[in-house]
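The values are calculated or read from the model by the stated rules, or taken from the named source; none is laboratory data. Please read these numbers as outputs of a predicted model, since none were measured by experiment. Neighbour counts are summed over all protein chains in view; Cβ atoms, including those assigned to glycine, are modelled from backbone coordinates with ideal geometry. Keep in mind that these areas ignore ligands, DNA and RNA; they rest on the heavy atoms of the full protein, side chains included. Shrake-Rupley method; radii C 1.70, N 1.55, O 1.52, S 1.80 Å.
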Amino acid sequence: MIIMNQGTDGQTGAFSGSLAAAAAIPVIGVTTEVGRRLAAATREASGTEVHLKSEAEIGTRSTRNVIAERGTMSGSFVIVGAHLDSVSEGSGMNDNASGSAAVLEAALRLARELATGMPIRFAFWGAEERGLLGSRHHLSTIPEDEHRRIGLYINLDMVGLPNFGRFIQLTPENKSELVASTVASLNRSFAQHGLPVEERTRRSRGFGSDDASFAARDIPTVSLFTGAGGTKSEAQAQRFGGSAGQPFDSCYHKACDTLANVYGQVLEQITDVLTDAVNELASH
Ligand SMILES: [Zn+2]
């Protein structure tokens, strides 16, 4: 099976997808141009034989999650997580060194306080870009009883964009008191810092960052992010500043997702707001 990219604006490079399970036949993704050439060659005459040579490697790689806990994981607890990996195209400084840095910094700040309130598990996931492998593995290997005690998952992915928005994203079908109080606490913190914010709901249960792994298991999720490959609207440019009609992240999954693609000020803001919210959870 050869899958070519669709050929619309920005969708002309080699198609890359991931399979949920091993396929019985070889599958290869090609650029729009290669796809068109192959299709044209097969149309020239019936019985035309087309050859495609590819250099590929199939193998097993290992990855790992890094987990740190604050307090004793008894009773209800909260997981705060970010993925550590990036796509192979680039270094992934915004996606997702930024989210990992925010979670690490919040954990370090919280470590200075006494652990009195809700226990927190800080998680740095492996292989998110390969199909949420790290977070899915975690959820499928913890005991059933522990699974039931996860009150909330907070996800940080892409939180340092230069052409940023500030988004709080919720899973619509999973609302709880803990979600409501956490969202209220995030909104309060954004307001205290004088920072505009926009609330969103997750579009579908099967897509997204590691929050999708939790949503798929009916665990409430709250995500903080500053945008992805989508386009910033006029209203959003008025609210957050930056350029309307431009992507939030012009280097999404590209080689240019370097340190130049991280705006320290917004990363700091998101980290402060996350720290406030986690502090509140951990001290009540
Ligand atoms: Zn990401």
Cross-link reach list, aspartates and glutamates versus LYS175, counting only Cα pairs under 12 Å and skipping chain neighbours closer than eight places: ASP218
Enumerate the aspartates and glutamates that LYS232 could reach by cross-link, defined here as Cα to Cα under 14 Å, with residues fewer than 8 away along the same chain left out. GLU198, ASP249
Dipole magnitude of the chain about its Cα centre (Cβ charges: Lys, Arg +1; Asp, Glu -1), debye to nearest 20: 240 debye
Among all the aspartates and glutamates, which ones have a C-alpha under 16 Å from LYS53's C-alpha, if same-chain residues fewer than 8 places away are not counted? GLU33
Solvent-accessible area per residue for the chain at a 1.4 Å probe radius, Å²? 54 Å²
On the protein heavy atoms, probe 1.4 angstrom, tell me the percent of accessible surface of region 2-44 carried by carbon and sulfur. 55 percent
From the backbone phi of region 15-21, what are the Karplus-calculated ³J(HN,Hα) couplings (6.51 cos²θ - 1.76 cosθ + 1.60, θ = phi - 60°) in whole Hz, Gly and Pro given as x? 5, 10, x, 10, 9, 6, 9
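Quick check: at a probe of 1.4 Å, how many percent of the accessible area of region 66-282 sits on carbon and sulfur atoms?
It is 52 percent, rounded to a whole number.
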SASA check, ILE2, accessible area w/ 1.4 Å probe, all protein chains in place, rounded to nearest 10 Å², comes out at 90 Å²
Expressed in square angstrom to the nearest 10, the accessible area of THR42 with a 1.4 Å probe stands at 80 Å²
Can you find, among GLY264, GLY90, SER140, the residue sitting farthest towards the positive end of the charge dipole of region 66-282, where Lys and Arg contribute +1 and Asp and Glu -1 at Cβ? SER140
Can you give the alpha-carbon Rg of the chain over 2.2 N^0.38 Å, where N counts its residues? 1.12
With a 1.4 Å probe and all protein chains kept in place, how much accessible area does LEU170 have, in Å² rounded to the nearest 10? 10 Å²
Keeping every protein chain in place, order GLU57, GLU280 by accessible area at 1.4 Å, biggest value first, i.e. largest first. GLU57, GLU280
How charged is the neighbourhood of THR275? Take every other residue with its Cβ under 12 Å from the Cβ of THR275, and add Lys/Arg as +1 and Asp/Glu as -1. -4
Size of the dipole of region 206-253 about the Cα centre, Lys and Arg at +1 and Asp and Glu at -1 on the beta carbon, nothing else charged, in debye to 20? 120 debye
Hey, what's the Cα Rg ratio for region 2-44 versus the globular rule of thumb, 2.2 N^0.38 Å? 1.27
Ranked by how many other beta carbons lie within 10 Å on average, peptides 84-97, 244-257, 150-163 from highest: 150-163, 84-97, 244-257
